[in-house]
C-alpha cells in the first residue's frame, strides 16, 4: 500500500469516528433531557366564598347585642356631685374603686362585665381630679366588686358617697338584652383612698 493510500485510509477512519460521535450525541441528548424533572405547576389559589345572607345577618345581630350591653349613666349624677377635687391621697396611700352590683337582677357574668361604671367614674375624675386618677393608676388600679340587694340600697350608697365628695356613678340599663329598661344595675364609687371608701361600702360582701 502506497503512502497516499495509507493517508486516505487514516483520514477516512477519523471522519467516520467524528460522524459516529456526532450521531451518538444527538441520540443521547433528547433522552437525557427527557429524564429531567418537569417544573411543578403552581397550586391554584381559591377565592374565599362569599358569606351567606343568613351569616351576615347573624353577625350583625351579634354585634348589635354586644353594643346594647353598654348602657347609659344617670344624667343627673354630675349635677349632684360633691367637690370631686377635694379628695387627695398620700404618696403611698392605697386607693381603690368599688363596683356595687345588684344581685336581685340575676344578671349573667357577661352582662355584669359589660356595665361600664368603671369607665364612667374614670372619665368624671380625669376631668375633676386627674391627680387622684394618676395616684390610683400608679398604685395598682385596685377594683373590688361588691353585692347590693336592691335599687334602694344602690341609691342610699350613692347618696352617702356623694356627701363625702366621692365620685359615684350608677348605670341605667337600656333594656335591650336581659333586664328591664331603666334598671339601675351597677354603682361605681371612686377611685379614692381605701379608708374613705370603706366608710360607704365597708359592710358589703364581695360579689
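Okay, here's what the table says:
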quantity	calculated
Prolate/oblate/rounded label for region 69-201 (Cα gyration tensor, a/c 1.5)	prolate
Cβ-Cβ FRET estimate between residue 155 and residue 92, R0 fixed at 30 Å, reported to 0.05	0.30
Residue 199/residue 178 FRET efficiency (R0 25 Å; Cβ-Cβ; nearest 0.05)	0.15
Label-point gap, in nm, between residue 165 and residue 127 - each point 7 angstrom along Cα→Cβ	1.9
Residue-span extension gain [residue 141 to residue 113] - 0.36 nm each, minus C-alpha spacing	8.4 nm
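Read the figures in this text as sums done on the coordinates, not as results from a lab. Since the model is a prediction, treat every value here as computed from it, not as a measurement. FYI the Cβ positions are ideal-geometry reconstructions off the backbone, even for glycines, and counts take in every protein chain you see.
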